[in-house]
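Data block below; observations after.
The values are calculated or read from the model by the stated rules, or taken from the named source; none is laboratory data. Not measured: the values here are computed from a predicted model. Every residue, glycine as well, gets a Cβ built from its backbone with ideal geometry; the counts of neighbours run over all protein chains shown.
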Ligand SMILES: [Zn+2]
Ligand SMILES: [Zn+2]
Ligand SMILES: [Zn+2]
Ligand SMILES: [Zn+2]
Ligand SMILES: [Zn+2]
Ligand SMILES: [Zn+2]
């Protein structure tokens, strides 16, 4: 960054130049895209992967594009574009069809058409000194800096102010003037001019890029930890995209690609799993504390007469009222201190919540199970690679052993699909189509487990032909059934077959 | 009280050690508050003397308002980042004004004390703002969430994520 004015244009210095970085792939061999089955949708959904430098370049292009049409300062254009979340069309529309002065006011920028406010020093002493309203020191006018709105402070105070906003408050594009009640935004060139510390400058640039990507509906950061690439699409949609780091995710929500379940249901599911509220609700509804020793107890029978299982306590009490059992007398099966109906209602509610929990656990366990298996994906690839090398030493050609890698590709695809079918199924209300869906799911699931089993078998010279045939037949079947399952769900989306339980 | 100023004609007394820009600003603020305090406002010189970064300001309820005749104390704490960081301001002592924006623990719900703070504001500006807040009050009552807030808040009001209500109350 040699010149402050040009800091944003200085984007060719990047070392992350374009070109495929094959180095990151865990593809066993050079057979690029052999798992080409992976995300077929990608073909008809064009997108680009952008490095930080590409993002900056893209940002400048957006500004230039607008400036080619609208003759206003670059800094003003940037603020306006940010105001419209980098939607050029929206900006142009408002710029030409609306009240421009109102637009500038809304975007907190001084109208470039107004004759600049005379930057009148607020206090000018006879000796040509001005008083800075922040540090209260008298400064020669050369040490004072004003911005578009006319507010002037000493350069040191501006630097300190901007640094505080950037470092402590993490503000980038939205830092306003230091004067009280002045909402005019400090433009990026002024910030870059006033900040001298390279670390602060860098942080500022990061914040600007970050907000550019985050508010731009055609861009999304790769969700992989510490990955600095972003995906740029032509129109936003719930489609799978693959980053240079090989992470595949949904452009719309940023989660792992989750076909067949829709983004909003997945989001709801993840929240449910995260806060684990279901389990705590159940505990609240189904357990109580022993009134004497406070140990948590769960009721396991119909009788209200509870005897604490804590051997050193053994308290006798009533489940319904938690009072000592003795006054209940001989009415062993009901609490004579509590309205019987009410107690029954409480029991029914407990039953209901228990059933809901069991349903949730059913889907959750299956979802987790596939997720867990997918986590060992890398291990599986490594194991298969080893096996393939071994086989090649036993007179088998490279091409002959490729079926194993293909099998793992398909196995992983199937697990990922199956995992998300359980989220879909959890919210699905039973009807004729949901029964077909569940049959499809069962079919893919059992075929997937068989395929997984085959891959664990020992392969010897003798059984190779047999195993190879079996594995190939099975993965073809899995792949075909997986596609069938997805097609069926997609068809259901089109034809409105699916009804949901908790919407 | 004005006599105080006469007795201490140079309130730059708390000058010790190197004179940082922050100290200079605080000294100037202190001096101007001692010389020309807003009506009903007095800085406790003794506390400011012992520690330039912690002041107590005495405030009197203005005549003709619901707080006429009442006396309050405001405590100001300045972080090393003042004036870029807002000061921590709370009511202290045994009389905390009963007001819809003032909690019984002395915390004040006033936007210029947090997100609307500007380094071009000052202790004087804060005092004036609080006086006007008190003066425009039409009914003496605590904020609706007072008991919950007081039980759960941090000791430092700046850690509270304030939700600013209608400022005209
Ligand atoms: Zn200054
Ligand atoms: Zn301004
Ligand atoms: Zn990535
Ligand atoms: Zn999604
Ligand atoms: Zn017990
Ligand atoms: Zn009972």
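Structure values in brief
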| item | result |
| --- | --- |
| Test result for residue A:394, at pLDDT 75 or above and under 29 Å from residue A:482 (Cβ atoms) | no |
| Which numbered condition residue B:158 fails, given (1) closer than 20 Å to residue B:25 by Cα; (2) in contact with a strand residue (DSSP E or B) (Cβ under 9 Å, 6 or more places away or on another chain); (3) in contact (Cβ under 8 Å) with a residue 40 or more places away in the chain; (4) within 14 Å of chain A (Cβ to nearest Cβ) | (1) |
| Subset of the stretch A:168-196 that is in contact with a helix residue (DSSP H, G or I) (Cβ under 6 Å, 6 or more places away or on another chain) and free of Cβ contacts under 8 Å to residues at least 40 places away in the same chain - its residue that is farthest from ligand 1 (Cβ to nearest atom) | A:172 |
| Residue check for residue A:253: in contact with a helix residue (DSSP H, G or I) (Cβ under 6 Å, 6 or more places away or on another chain) and either within 16 Å of ligand 4 (Cβ to nearest atom) or assigned to a loop (DSSP other than H, G, I, E, B) (or both) | yes |
| Criterion violated by residue A:430 - all others in (1) in a helix (DSSP H, G or I); (2) closer than 17 Å to residue A:363 by Cα satisfied | (1) |
| Test: residue in the stretch A:233-242 that is within 16 Å of ligand 3 (Cβ to nearest atom), within 16 Å of residue A:85 (Cα to Cα) and either in a helix (DSSP H, G or I) or touching a strand residue (DSSP E or B) at 6+ places or on another chain (Cβ under 9 Å) (or both) | yes |
| Top-ranked residue in the stretch A:138-151 [being within 12 Å of ligand 2 (Cβ to nearest atom) and touching a helix residue (DSSP H, G or I) at 6+ places or on another chain (Cβ under 9 Å); ranked as farthest from the other protein chains (Cβ to nearest Cβ)] | A:148 |
| Some residue of the stretch A:201-209 being more than 16 Å from ligand 3 (Cβ to nearest atom), under 18 Å from residue B:118 (Cβ atoms), free of Cβ contacts under 8 Å to residues at least 12 places away in the same chain and in the same structural domain as residue A:62 (by the TED database) | no |
| Selection count where residues are in a helix (DSSP H, G or I), over 32 Å from the mean Cα position of the chain (by Cα) and closer than 22 Å to residue A:149 by Cα, scope the stretch A:91-110 | 7 |
| Meets criteria (crowded, with 17+ Cβ neighbours inside 10 Å, closer than 21 Å to residue A:80 by Cα and away from ligand 5 (no atom under 16 Å from the Cβ)) for residue A:148 | yes |
| Residues being exposed (fewer than 14 other Cβ atoms within 10 Å of the Cβ) and either touching a residue at least 12 places away in the same chain (Cβ under 8 Å) or in a helix (DSSP H, G or I) (or both) - total across the stretch A:369-381 | 4 |
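Residue by residue, here is whether (1) over 22 Å from residue A:164 (Cβ atoms); (2) in contact with a strand residue (DSSP E or B) (Cβ under 7 Å, 6 or more places away or on another chain); (3) within 14 Å of chain A (Cβ to nearest Cβ) holds:
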residue	(1), (2), (3)
B:74	yes, yes, no
B:82	no, no, yes
B:97	yes, yes, no
B:102	yes, yes, no
B:127	yes, yes, no
B:146	yes, no, no
